[in-house]
Amino acid sequence: MSPADDDTTVCAAGCVLWRRAPRTGSPGVELCLVHRPKYDDWSHPKGKLKPGEDPLAGALREVAEETGYAAEPGTELPTVRYLANGRPKEVRYWAAAAGAGAFAPSDEVDRILWLAPDAARIRLTEPRDRDLVDALLATRPDGNGH
């Protein structure tokens, strides 16, 4: 990367991955959060886009890489913008229902948790990620009309 690239926006994409809760409860969904040991943080699965990669395709790729689960994309959620290492970063998010899969720890993501929305809000490291929980719930990801 050349110094002239330092002011370009880093483009990334991810999903707020959800599944039906295995037990009865309101709203009846659990969200998947990933733990990244490099940053010791909890976040939604996301990552940088490859050159020329479609953002939704990148989001689904990142979910599969970080969680081991296939994802069925739903509604696009709000885009999150912030500075990362002094550079502007833009992350596009989608609601996504978890499909088949199984988690396997890696150097990038060593743990995942499936949490009720209120518990996910508390566990998320960055406050900006908490708004995505509310955005997901507004889409009614309950299997009825999603």
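The values are calculated or read from the model by the stated rules, or taken from the named source; none is laboratory data. Predicted model only: the values in this text are computed from it and were never measured. Cβ atoms come from the backbone with ideal geometry, glycine included; neighbour counts cover every protein chain shown. The protein model used for the area step is the full one, side chains on, heavy atoms only, and it has no ligands, DNA or RNA in it. Shrake-Rupley method; radii C 1.70, N 1.55, O 1.52, S 1.80 Å.
What is the number of the single condition among (1) in a loop (DSSP other than H, G, I, E, B); (2) open to solvent by less than 50 Å² (accessible area, probe 1.4 Å); (3) in contact with a strand residue (DSSP E or B) (Cβ under 8 Å, 6 or more places away or on another chain) that E53 does not meet?
With respect to (1) in a loop (DSSP other than H, G, I, E, B); (2) open to solvent by less than 50 Å² (accessible area, probe 1.4 Å); (3) in contact with a strand residue (DSSP E or B) (Cβ under 8 Å, 6 or more places away or on another chain), E53 is out only on (3).
Being basic (K, R) and either modelled with pLDDT of 80 or more or touching a Phe, Trp or Tyr at 6+ places or on another chain (Cβ under 8 Å) (or both) is the filter here; which residues of region 1-46 pass it? Full working, then the answer.
Step one: filter region 1-46 for residues basic (K, R), giving 19-20, 23, 36, 38, 46.
Hits for region 1-46 are R19, R20, R36, K38, K46.
Looking at (1) open to solvent by less than 70 Å² (accessible area, probe 1.4 Å); (2) free of Cβ contacts under 8 Å to residues at least 40 places away in the same chain; (3) of a type in the set (D, E, K, R); (4) over 19 Å from W18 (Cβ atoms), find the lone condition where R87 falls short.
Of everything listed in (1) open to solvent by less than 70 Å² (accessible area, probe 1.4 Å); (2) free of Cβ contacts under 8 Å to residues at least 40 places away in the same chain; (3) of a type in the set (D, E, K, R); (4) over 19 Å from W18 (Cβ atoms), R87 misses just condition (2).
Scan region 90-126 for residues that are in a loop (DSSP other than H, G, I, E, B) and over 22 Å from P78 (Cα atoms) and jot them down. If you could, list the steps in order and put the result at the bottom.
From region 90-126, those in a loop (DSSP other than H, G, I, E, B) are 102-110, 116, 124-126; that's our starting set.
A102, F103, A104, P105, S106, D107, E108, V109, D110, listed by residue number.
Looking only at region 36-46, filter to residues that are open to solvent by 10 Å² or more (accessible area, probe 1.4 Å) and in contact with a strand residue (DSSP E or B) (Cβ under 6 Å, 6 or more places away or on another chain); which one of those is farthest from V80 (Cα to Cα)?
Taking region 36-46 as the starting set, the residues that turn out to be open to solvent by 10 Å² or more (accessible area, probe 1.4 Å) are 36-42, 46.
Adding the requirement that they be in contact with a strand residue (DSSP E or B) (Cβ under 6 Å, 6 or more places away or on another chain) leaves 42, 46.
Values: W42: 16, K46: 11 Å.
Ranking the qualifying residues of region 36-46, first place goes to W42.
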